[in-house]
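Every number here is computed from the coordinates shown, using simple stated rules; none is lab data. Since this is a predicted model, take the numbers as computed values, not measurements. Please note: Cβ atoms are built from the backbone with ideal geometry, for glycine as well, and neighbour counts cover all protein chains shown.
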Amino acid sequence: MSNFLRSPNPATIGALANTINNKRRDMGRRKPARGPRLNRVPEGPAPAAEVVVYFAEDKRKMYQLDQWLPVFEELHQRHPVVIVLRSKQSFNNLSERTPLPTVYTRRLADVLELYDELDPKVAIYVNNGVANFQSLAVASILHVHVNHGESDKVSMVSNQAKAYDRVFVAGEAAERRHAAALINFDYSKLVRTGRPQLDLKFEPVLAPSERKTVIYAPTWEGENDFNNYTSVDLYGVEIVRQLLATDGVRVVYRPHPRVASSTTLEVVGGHREILSMIEKAADADPEAGHATAMEGSILALFQECDAMVTDVSSVGLDFLYLRNDAPLFITDRRDNPAQLAVDAPISGASDVIDSASIADFGAVVAARLAFDSRMEDRISKRRFYFGDIAPGESTQRFLDAVTKVAARRDEMVALLPHRQTHASAAAAATGDAVGDVSQEEVEANYEQRSEEMESQLENQEHEAAESARYADEELMDAVVDEGAPTPVGDAAGGR
């Protein structure tokens with residue numbers, strides 16, 4: 001029995017009682033035990049896989065995985081891929097949108113058992129979710145972090161990069177970003193692969209127009225202030241107002257998906273006002289083609305785009321990769337040009353929008369659309385971020401890099417003196433005896449533990465009542481000894 005049960009204090013007795021009662025209710029509603037098998041959906045044998053793509057987030061973050069799906073489908077032709085999901089909502093959202101095998105596994109034990117069945121060589125991660133470390137516990141796979149974009153945001157570099165065997169990055173800028181942010185990091189883990197997600201072909205979604213199309217594509221506000229780069233709350237309304245007032249311009253508003261679900265009042269207010277402005281302008285002049293694009297890939301908008309207005313985010317760099325022939329505008333919500341130049345080198349090839357320049361923004365846009373004087377700057381910056389990679393070449397680099405990692409994994413596994421299963425190896429590392437007991441044994445052990453906890457609780461309640469009774473008796477004895485009147489009512493224990 002644990003020390004917690006041997007010597008509970010009064011603060012834990014109530015929690016213990018709640019735990020027992022809740023478990024009783026749960027057990028009363030519990031369905032028949034399924035046993036220690038995978039609760040994957042759909043049921044059936046595990047598909048063949050050399051690569052697993054591990055994604056543990058709910059569907060609000062599916063955009064992180066979505067942009068990689070066509071690349072993983074291409075990879076599947078060379079190395080069979082299975083997408084492992086830990087959220088049922090994400091599974092339901094994804095399974096009908098990709099031909100790739102998808103598996104939902106809620107429990108860690110199921111993930112480890114799945115890995116035993118698949119025996120994959122490589123695991124790929126598109127974000128730095130905390131649950132990634134449950135998959136990283138498996139030692140006979142090489143783990144590769146690819147992230148879900150390339151940008152100058154602080155969140156692009158995490159100390160968690162140390163946990164992965166390889167970190168695929170776009171180019172020199174990303175390497176420098178890691179060097180500036182991390183200490184004691186093995187830089188040999190970094191592998192340049194360009195931006196394979198941008199090699200995809202998209203059907204145009206905007207109708208051709210004689211007007212110049214300018215897209216305003218702000219990011220969201222992030223989870224904290226230092227990762228907040230959005231312009232929606234500060235400059236968004238004014239940016240759209242001046243674009244709508246510029247002759248011969250078609251305005252398309254495409255915010256980050258999480259702007260629409262923001263709970264920050266200023267962002268919500270700015271977003272709603274922008275939507276209203278676009279709608280009113282479209283109603284007033286239907287031929288202009290002003291539009292809001294909340295769905296689909298933003299990359300599909302680039303083909304009909306003549307200029308981009310965005311924040312420090314992956315959108316500006318994606319535009320630089322695909323359309324360095326078109327003007328680019330970057331916002332600076334912190335009003336610090338010197339720091340922006342350090343944090344976001346792309347600003348050196350863009351016109352910057354801040355509190356000092358917002359008033360003249362419309363005039364600058366008109367001038368750049370008439371004569372683009374910064375193209376050479378953008379070409380140079382594109383080389384800095386992505387190297388001399390033409391669109392279409394990044395995918396081949398990525399595929400070759402995964403093949404190299406898979407081959408290296410096989411070489412390393414062959415040198416092991418013995419092979420443990422993924423589940424037993426990870427369980428040994430975590431102290432979790434996965435697979436050592438049956439579901440029936442788990443249930444029986446749970447029943448026994450519940451009875452022990454209930455008995456202990458009853459003993460503690462009895463001891464507490466006895467202590468209160470003894471205290472009352474001692475109080476009465478002391479009062480009588482001093483010759484005072486005998487207490488009555490509550491003081492005499494008449495509760």
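Could you compute the net charge surrounding GLU376? Neighbours are other residues with a C-beta less than 12 Å from the C-beta of GLU376; K and R count +1, D and E count -1. Don't skip to the end; give the middle numbers.
Numbers: positive: ARG374, ARG378, LYS381, ARG382, ARG383; negative: ASP325, ASP372, ASP377.
Charge balance in the 12 Å sphere: +2.
Quick one: net charge around GLU73, please, counting Lys, Arg +1 and Asp, Glu -1 for every other residue with C-beta under 14 Å from its C-beta.
Numbers: positive: ARG78, ARG97, LYS201; negative: ASP66, GLU74, ASP199.
Here the count lands on 0.
Peptides 98-104, 289-295: what's the order by average Cβ count within 10 Å, highest mean first? Walk me through the intermediate numbers first.
Details: 98-104: 18.7, 289-295: 16.6.
Highest to lowest by the protection proxy: 98-104, 289-295.
At a Förster radius of 25 Å, what calculated FRET efficiency corresponds to the Cβ-Cβ distance of ARG374 and SER209, to the nearest 0.05?
Result of the calculation: an efficiency of 0.60.
Starting at 0 and stepping by 10 Å, how many percent of the alpha carbon pairs of region 256-300 end up in each bin?
25, 43, 30, 2
Which Rg and Dmax, in Å, describe the Cα atoms of region 170-291?
18.8, 59
Is there a pair in LYS162/LYS404; LYS121/LYS189; LYS59/LYS189; LYS162/LYS201; LYS153/LYS212; LYS153/LYS381 whose C-alpha atoms are over 22 Å apart, and which pairs would that be?
Over 22 Å Cα-Cα: LYS59/LYS189; LYS162/LYS201; LYS153/LYS212.
Quick one: what are the phi-derived ³J(HN,Hα) couplings along region 352-365, Karplus 6.51/-1.76/1.60 with θ = phi - 60°, whole Hz, x for glycine and proline?
My calculation for region 352-365 gives 9, 9, 9, 5, 7, 10, 4, 5, 9, 4, x, 5, 5, 4 Hz in order.
Points 7 angstrom from Cα along the Cβ direction at LEU415 and GLN303: gap in nanometres?
For LEU415 paired with GLN303, the spin-label model returns 4.8 nm.
Between rounded, prolate and oblate, where does region 326-386 land on the alpha carbon gyration tensor, with a ≥ b ≥ c its root eigenvalues, rounded for a/c under 1.5, else prolate if a/b exceeds b/c?
Taking the square roots of the gyration eigenvalues as a ≥ b ≥ c, region 326-386 is oblate.
For region 197-293, which GluC sites (Glu not before Pro) pass both filters: DSSP loop (anything but H, G, I, E, B) and at most 14 other C-beta atoms within 10 Å?
Those that pass, being in a loop and sparsely packed, are GLU210, GLU223.
Would you please classify the overall shape of region 82-195 from the alpha carbon gyration tensor, given that a ≥ b ≥ c denote the square roots of the eigenvalues, rounded means a/c under 1.5, and beyond that prolate means a/b larger than b/c while oblate covers the rest?
Cα axes put region 82-195 in the prolate bin.
Just to confirm my numbers, what's the Cα centroid distance between region 308-352 and region 172-239 in Å?
Between the Cα centre of region 308-352 and that of region 172-239, the gap is 9 Å.
Grab the other residues whose beta carbon is less than 12 angstrom from that of ASN132, score K and R as +1, D and E as -1, and report the net.
So the surrounding residues net to 0.
Is the shape of region 221-304 best called rounded, prolate or oblate, per the rule: a/c under 1.5 gives rounded, else a/b larger than b/c gives prolate, else oblate, with a ≥ b ≥ c the square roots of the Cα gyration tensor eigenvalues? Write out the running numbers ahead of the final one.
Values: a/c = 2.08, a/b = 1.57, b/c = 1.32.
Since a/c reaches 1.5 and a/b is larger than b/c, the shape of region 221-304 is classed as prolate.
What FRET efficiency comes out for GLU175 versus ASP283 if R0 is 45 angstrom and r is the Cβ-Cβ distance? Round to the nearest 0.05.
0.40
Students often check this: by mean Cβ neighbours within 10 Å, which of 68-79, 167-178 ranks highest, and how do the rest follow?
167-178, 68-79
Ratio of alpha-carbon Rg to the 2.2 N^0.38 Å globular estimate for region 49-149, to two decimals, please.
The reported ratio for this selection is 0.95.
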